[in-house]
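Working notes, beginning with the structure itself.
Read the figures in this text as sums done on the coordinates, not as results from a lab. Fair warning: this is a prediction, and the values are worked out from it, not measured in the lab. With ideal geometry, Cβ positions are generated from the backbone for all residues, glycine too; neighbour counts draw on all protein chains shown.
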């Protein structure tokens, strides 16, 4: 059933609003996936904070105009599913990468981060980015390291003195 003008406008507005707030986008070709596999992909996307949408390419081009993902407009060819990362830049890439391991019919065509279109072979690099919680824990460990080293160094001086006195005592 063809979409009427109002439906098209609502789809464009919805995708445009999501794209304006998203960190990254992954476009993948889903040709050959069954309905059950697509349902499974959508459920996994919902649980991982990824907005997943199959949109006609002309509507997707209109929705991405004026966003930082406008750079992928030229690559919107064929049946594509768009995955927008809403929580962290790598969540959509992790979703597509993990799902493609089990389903070879899901093929990444392109991705974009920060207004730059990247080739499909950069998916692994984007998927390996830490999540927000992981990045905070890495930052905290880096900030905590100098104080821990200072405390260990200050503790070592009296410890070494005690060991030296104990060695002298054992020698006598």
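Run the helix sum for the chain: -39,500 (n - 2.57) per DSSP H stretch of 4+ residues, divided by residue count, reported at 222 nm to the nearest 500 deg cm²/dmol.
Computed ellipticity for the chain at 222 nm equals -18500 deg cm²/dmol.
In terms of its alpha-carbon gyration tensor, segment 13-94 comes out oblate; a/c meets the 1.5 threshold, while b/c is at least as large as a/b. Angle between the Cα long axis of helix 5-21 and the longest principal axis of the chain, 0 to 90 degrees, nearest 10? For 5-21 against the chain, the angle is about 10 degrees.
Given the peptides 93-105, 116-128, arrange them by the average over their residues of other C-beta atoms within 10 Å, most packed first.
The peptides rank, most packed first, as 93-105, 116-128.
Here Cα Rg over 2.2 N^0.38 Å was computed from the coordinates, and among (i) 1.25; (ii) 1.63; (iii) 1.08 the match is (ii).
The angle separating the long axis of helix 132-171 from the principal Cα axis of greatest extent in the chain is about 10 degrees. So if R0 is 45 Å, what FRET efficiency would residue 154 and residue 7 give, r being the distance between their Cβ atoms, rounded to the nearest 0.05? Given R0 = 45 Å and the Cβ-Cβ separation, E is 0.05. Compute the acute angle (0 to 90°) between the alpha-carbon long axis of helix 91-102 and the principal axis of greatest extent of the alpha-carbon atoms of the chain; round to the nearest 10°. Roughly 80 degrees between the two axes. For segment 64-144, the convex hull spanned by the alpha carbon atoms encloses 107 Å³ per residue.
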